[in-house]
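The structure under discussion appears below in the form of C-alpha cells.
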Amino acid sequence: MNKTELVAAIAAKAGISKKDADAALGAFSDSIIDEIKKGGKVQIVGFGTFEARKRAARTGINPQTKQQIKIAASTVPAFKAGKAFKDAVK
C-alpha cells in the first residue's frame, strides 16, 4: 500500500474527503517526526512506539575492496509494535 492508497482507505473508513485524510496523515507524520527530532518518543497504546535509537560507531567491510572502513555513530528512527498490533497480525 502506498501513500495514495492509504489516504483513500483512511478517507473511506473515516467518512471524510481524501483531501482531509491527506492533511490528517501529513499532520500525524509531521508531529511524530518533530517529537523524535526533539529526542522524545511517541507511544500509541495498542499500536506501537516511535523513538530514536543511537547506533554506536563500528568497523565494517567494504564488499568491493574487502577493506575495513569506520562507520560513524548515528541516530536512527525506530518503531516497536505494540501487543495489540502484534496479536492482530498473527
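Per-structure values
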{"quantity": "Percent accessible area from carbon and sulfur atoms, region 14-90, protein chains only, probe 1.4 Å", "calculated": "57"}
{"quantity": "Per-peptide average of other Cβ atoms within 10 Å, ordering 67-79, 23-35 highest first", "calculated": "23-35, 67-79"}
{"quantity": "Accessible heavy-atom area order of Glu51, Glu5, highest first, probe of 1.4 Å", "calculated": "Glu5, Glu51"}
{"quantity": "Value of relative contact order over region 1-58, rounded to a whole percent, pairs C-alpha under 8 Å and six or more apart", "calculated": "18"}
{"quantity": "Mean separation of Cα contacts under 8 Å (6+ apart) over length of region 36-90, as relative contact order %", "calculated": "37"}
{"quantity": "At q = 0.10, 0.12, 0.17 Å⁻¹, base-10 log of I(q)/I(0) for the chain (Debye sum, equal scatterers on each alpha carbon)", "calculated": "-0.45, -0.60, -0.91"}
{"quantity": "Accessible area per residue, Å², the chain with all protein chains present, probe 1.4 Å", "calculated": "80"}
{"quantity": "Straight-distance crosslink candidates among aspartates and glutamates, where the alpha carbon sits under 20 Å from Lys37 and sequence neighbours closer than 8 are dropped", "calculated": "Glu51"}
{"quantity": "Qualifying aspartates and glutamates (Cα of each under 13 Å from Cα of Lys18; at least 8 residues distant if same chain)", "calculated": "Glu5"}
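The values are calculated or read from the model by the stated rules, or taken from the named source; none is laboratory data. Only a predicted model underlies this, so the values are computations on that prediction, with no experimental measurement involved. Glycine gets a Cβ as well: all are built from the backbone with ideal geometry, and neighbour counts include every protein chain shown. SASA here: full protein model, heavy atoms, side chains in, ligands and nucleic acids out. Shrake-Rupley method; radii C 1.70, N 1.55, O 1.52, S 1.80 Å.
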